[in-house]
Amino acid sequence: MAILSQSEAQAILKKVLSFSTADECDATLSGSIEGNVRSARNTISTAGAADNVSLAVESRFGKRSGVATCNEFDDATLRRCVQRAEEIAKLAPESPEYVPLLGPQKYLASPAAFAQRTADITPDYRAQQIGASMALCEAKKLSSAGFFNDSTGFTAKRNSKGLEAYQQFTNLDFSITVRTPDGTGSGYAIANYTDLAKFDAARLTRVAAEKAASSVGAKAIEPGKYTVILEPAAAVDLLQNMMRSMDARNADEGRSFLSKKGGGSKKGDKVFDERVTIYSDPLNAEVPDLTFAGDGRPRTKTTWIEKGVVKNLYSSRFWAQKAGIPDLPPPGGWIMEGGTQSTADLIKGTAKGILVTRLYYIRAVDPQTLLYTGLTRDGTFYIENGKIKFPVKNFRFNESPVIMLNNLEALGKPVRLSGNLVPPLKIRDFTFTSLSDAV
């Protein structure tokens with residue numbers, strides 16, 4: 001039952017609303033079929049599947065609201081779910097930030113968000129892909145740990161004000177860590193797709209295997225400020241943290257890196273290097289996304305940063321109305337414009353620097369400057385005269401993506417990661433504070 005058609009999903013939601021006695025009622029039905037396989041030490045360790053549909057009902061009496069959920073859809077269960085939401089609403093305090101439910105909305109059609117080939121993935125296909133990955137590592141006398149997960153899902157909404165929404169989507173994620181037998185060399189690769197047509201586990205494993213073999217015998221060099229090339233897998237987490245911090249209310253109330261002294265936000269100000277442009281587009285062929293947010297607001301193509309200038313901030317509906325700003329929901333994924341150079345091209349143009357494969361264990365140090373700390377991992381290399389000279393021991397870093405994007409030297413060709421398009425970045429004066437013995 002996990003993937004319901006639009007008519008099937010809306011039939012359930014209509015029935016839910018028919019049981020409501022509240023002033024307002026909002027119902028969301030979502031489901032997915034997921035499959036995964038995991039490997040460790042060149043052996044499949046686990047395989048699994050999940051199939052689920054769930055319903056969330058929000059009932060409102062005046063400014064009071066309550067939510068109840070269920071995952072059975074007979075009339076008695078649906079009725080009881082609605083009743084429970086209403087009971088909770090009557091006990092709840094009034095919300096000081098109440099806004100009425102949205103009425104009917106127009107949504108873009110995003111057929112690229114669903115790929116039948118991904119929806120048709122079988123356990124045999126997962127085993128074949130992981131098998132090819134493990135065989136490659138076995139032949140090179142390397143040890144691998146991989147994870148392959150695919151999902152097909154839908155989300156449907158309906159409320160008592162006439163809003164109706166529905167969309168299907170597919171997703172595929174793969175990650176692989178490869179280590180040398182003595183554990184002193186490590187490499188990593190990651191991929192994310194809507195359509196499996198572009199997926200090749202063996203190709204990604206070769207990348208990780210080459211890094212693992214090349215990272216043996218890492219040398220310790222002094223921490224400090226270096227020119228770095230962040231591969232997309234290294235850049236994505238810092239950039240995601242920045243994009244998650246572009247909330248208008250936090251900025252207006254002084255809690256954000258986009259807050260102005262004395263009040264207000266830096267919307268309209270140049271905050272980054274002029275080569276930085278980031279936007280979201282649910283219809284983008286490479287990173288298609290849901291065309292509506294969780295509260296039912298439509299998502300359309302939106303520019304967040306243009307040539308270094310902050311163009312838009314997202315907000316809740318309440319804050320948009322109170323502050324008199326555009327009512328923009330947060331993006332699902334985002335696209336950072338880049339250049340045409342590959343990571344290899346960026347290396348060729350670097351006199352001295354450090355190549356970073358991946359950052360992990362990232363933690364916030366100062367939310368108002370977006371200062372983060374974390375560690376490099378799975379392949380860190382010293383560059384000299386346009387070539388990788390030798391592997392180096394991993395570092396702890398202290399850096400802000402805001403400072404990072406003001407110390408930009410070059411942008412490479414964006415690739416898809418975590419539902420975003422992310423370029424490799426060449427950054428000057430990236431701050432490494434200490435060494436790490438981890439590989």
* the range 1-13: number of residues that are open to solvent by 30 Å² or more (accessible area, probe 1.4 Å), within 13 Å of Gln168 (Cβ to Cβ) and not in a helix (DSSP H, G or I) -> 2
* Is it true that Glu164 is closer than 30 Å to Asp437 by Cβ and of a type in the set (Asp, Glu)? -> no
* To do: Output the number of the condition that Arg358 fails; it satisfies all remaining conditions of (1) under 16 Å from the mean Cα position of the chain (by Cα); (2) farther than 30 Å from Asn385 by Cα; (3) of a type in the set (Lys, Arg).
  => (2)
* Those residues of the range 244-273 which are touching a residue at least 40 places away in the same chain (Cβ under 8 Å), in contact with a helix residue (DSSP H, G or I) (Cβ under 8 Å, 6 or more places away or on another chain) and of a type outside the set (Ser, Thr, Tyr), in sequence order -> Ala248, Arg249, Asp252, Phe257, Leu258, Lys266, Lys267, Val271, Phe272
* Asked: Does any residue of the range 376-395 turn out to be assigned to a strand (DSSP E or B), among the hydrophobic types (A, V, I, L, M, F, W, C), in contact (Cβ under 8 Å) with a residue 12 or more places away in the chain and open to solvent by 30 Å² or more (accessible area, probe 1.4 Å)?
  -> yes
* Counting only residues that are touching a residue at least 24 places away in the same chain (Cβ under 8 Å) and either surrounded by fewer than 16 Cβ atoms within 10 Å (Cβ to Cβ) or in a loop (DSSP other than H, G, I, E, B) (or both), how many does the range 324-344 have? -> 14
* Only residues that are open to solvent by 70 Å² or more (accessible area, probe 1.4 Å) and over 16 Å from Ala156 (Cβ atoms): list them for the range 58-73, please. => Lys63, Arg64, Val67, Glu72
* **Matching residues in the range 41-57 - criterion: being open to solvent by 30 Å² or more (accessible area, probe 1.4 Å) and either at pLDDT below 95 or within 25 Å of the chain's Cα centre (by Cα) (or both)** => Thr46, Ala47, Ala49, Ala50, Asp51, Asn52, Ser54, Ala56
* When the range 270-295 is examined, which residues are found to be within 24 Å of Ala364 (Cα to Cα), open to solvent by less than 60 Å² (accessible area, probe 1.4 Å) and of a type in the set (D, E, K, R)? -> Asp273
* To do: Take the range 345-369 and flag every residue that is surrounded by fewer than 19 Cβ atoms within 10 Å (Cβ to Cβ) and in a strand (DSSP E or B).
  => Lys352, Tyr360, Tyr361, Ile362, Arg363, Ala364, Val365, Asp366
* Counted residues, the range 151-189 - those being open to solvent by less than 20 Å² (accessible area, probe 1.4 Å), more than 28 Å from Ala293 (Cα to Cα) and in a strand (DSSP E or B) -> 5
* Scanning the range 216-249 for residues that are among the charged types (D, E, K, R) and within 24 Å of Ser186 (Cβ to Cβ), which turns out surrounded by the fewest Cβ atoms within 10 Å (Cβ to Cβ)? -> Glu222
* Asked: Among Thr155, Thr170, which is more than 30 Å from Ala218 (Cβ to Cβ), in contact (Cβ under 8 Å) with a residue 12 or more places away in the chain and touching a helix residue (DSSP H, G or I) at 6+ places or on another chain (Cβ under 7 Å)?
  -> Thr170
* Of the criteria (1) β-branched (Val, Ile, Thr); (2) more than 23 Å from the chain's Cα centre (by Cα); (3) not in a helix (DSSP H, G or I), which one Val16 fails -> (3)
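The values are calculated or read from the model by the stated rules, or taken from the named source; none is laboratory data. None of the values given here were measured: they were computed from a predicted structure. Using ideal geometry, Cβ is built from the backbone for each residue, glycine included, and neighbour counts are taken over all protein chains shown. Note: areas computed on protein heavy atoms with side chains; ligands, DNA, RNA excluded. Shrake-Rupley method; radii C 1.70, N 1.55, O 1.52, S 1.80 Å.
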